[in-house]
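The values are calculated or read from the model by the stated rules, or taken from the named source; none is laboratory data. No experiment lies behind these values; they were computed from the predicted model shown. All Cβ positions, glycine included, derive from the backbone under ideal geometry; neighbour counts span all protein chains shown.
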């Protein structure tokens, strides 16, 4: 058993490991309780070859990883400056942490990334509804919903561009499991 340590705070949690042995997770960076979030500052990390790298945030005091691919790329969510809302992010060694934006609202979360660097997750619209998104090469695409549903979310994807998630009534009274095929989709 190997202690991966922490980023300066009391706790760290490893959540993902890839085929190269890289590990992603989140760690407190200090011991000071933030009055807005109720926890110390928390950042995602990438651990490799005995070194835990702080991936920072999009300006907020809490950020965490939700997926790691075999290229060492990470997606997750970061609070933005002021800690009132969070955006999905993509972290790469060459570009650092990138804000993937939203589909008009103020919230989003990256849930999965494949080995091609395509990411999926959920983001809000300007009307407050949430939608599944597919992100590739700087473009976020709304995956829509099934007829009659107002909301959706994408949770995982494979290297063939198949995305799984849910389409649902925004009050969660009805939830449908869905599969999007990005190669054949026109939405």
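Number of residues in the stretch 166-182 that are within 20 Å of residue 88 (Cα to Cα) and exposed (fewer than 13 other Cβ atoms within 10 Å of the Cβ): the value is 0.
With 44, 88, 40 as the choices, which residue is free of Cβ contacts under 8 Å to residues at least 40 places away in the same chain, crowded, with 16+ Cβ neighbours inside 10 Å and either in contact with a helix residue (DSSP H, G or I) (Cβ under 7 Å, 6 or more places away or on another chain) or not assigned by TED's automatic domain parsing to the domain that holds residue 182 (or both)? Please lay out each step first, then the result.
On the way: 44 fails: free of Cβ contacts under 8 Å to residues at least 40 places away in the same chain; 88 fails: free of Cβ contacts under 8 Å to residues at least 40 places away in the same chain.
After ruling out the rest, the residue left standing is 40.
For the structure I just gave you, tell me whether residue 103 is modelled with pLDDT of 95 or more, in contact with a strand residue (DSSP E or B) (Cβ under 9 Å, 6 or more places away or on another chain) and over 26 Å from residue 142 (Cα atoms).
Details: modelled with pLDDT of 95 or more: yes; in contact with a strand residue (DSSP E or B) (Cβ under 9 Å, 6 or more places away or on another chain): yes; over 26 Å from residue 142 (Cα atoms): no.
Answer is no for this residue.
Taken over the stretch 136-165, the residue count meeting the criterion of being within 23 Å of residue 70 (Cα to Cα) and either crowded, with 22+ Cβ neighbours inside 10 Å or not assigned by TED's automatic domain parsing to the domain that holds residue 116 (or both) is 4.
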